[in-house]
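The values are calculated or read from the model by the stated rules, or taken from the named source; none is laboratory data. Please read all numbers here as calculations on a predicted model, not as lab measurements. Reconstructed Cβ throughout: ideal geometry from the backbone, glycine too, with neighbour counts over all protein chains shown.
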Amino acid sequence: MTPEAFRSLALHLPEALESEHQGHPDFRVAGKIFATLGPQEDWAMVKLSPPEQAALVQQDARAFQPIAGAWGARGCTRVELAKATKALVRRALNSAWRNTAPKKLAEQHNLEGV
């Protein structure tokens, strides 16, 4: 998975926009961040629920790890882009988008997630 592929998957989600957070790209829906690219764009972060995070880590612990600290305990998950498959990243982004989007918008779009 390349940073460009991650960006493309994120921006194909309904009403997703790219912005910037602490000097690196982030992806938002309704003004709220659902994913980011790291400063060097070699890793990313997706906002999952703790059960979604556990499922991805179990499926591919080389590519998905909890972010350190409280953010990780709440579901923020690091994605090692070079080790991640497109299918799992797509599922993770769909879940992160659904977790962040306003309920009404999320209900309008049936996205498969984790």
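Values for this structure:
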| read-out | value |
| --- | --- |
| Qualifying position, being over 10 Å from the mean Cα position of the chain (by Cα) and aliphatic (A, V, I, L, M), among Ala96, Ala92, Ala54, Ala35 | Ala54 |
| Selection from the stretch 83-104 of residues that are of a type in the set (D, E, K, R) and loosely packed, with under 15 Cβ neighbours inside 10 Å | Lys83, Lys86, Lys103, Lys104 |
| Qualifying residue in the stretch 24-36 (condition: more than 12 Å from Arg98 (Cα to Cα), modelled with pLDDT of 95 or more and touching a Pro at 6+ places or on another chain (Cβ under 6 Å)) | no |
| Filtered residue count, the stretch 44-71, keeping only those that are of a type in the set (Gly, Ala, Ser), in a helix (DSSP H, G or I) and free of Cβ contacts under 8 Å to residues at least 12 places away in the same chain | 2 |
| From the options Glu41, Glu107, Glu20, residue that is assigned to a helix (DSSP H, G or I), of a type outside the set (Gly, Ala, Ser) and either surrounded by fewer than 22 Cβ atoms within 10 Å (Cβ to Cβ) or in contact with a Gly (Cβ under 7 Å, 6 or more places away or on another chain) (or both) | Glu107 |
| Residues of the stretch 88-105 satisfying the condition of being under 19 Å from Thr2 (Cα atoms) and not small (Gly, Ala, Ser) | Leu88, Val89, Arg90, Arg91, Leu93, Asn94 |
| Residue tally, condition surrounded by fewer than 17 Cβ atoms within 10 Å (Cβ to Cβ) and either in contact with a Cys (Cβ under 6 Å, 6 or more places away or on another chain) or outside any loop (DSSP other than H, G, I, E, B) (or both), over the stretch 4-17 | 5 |
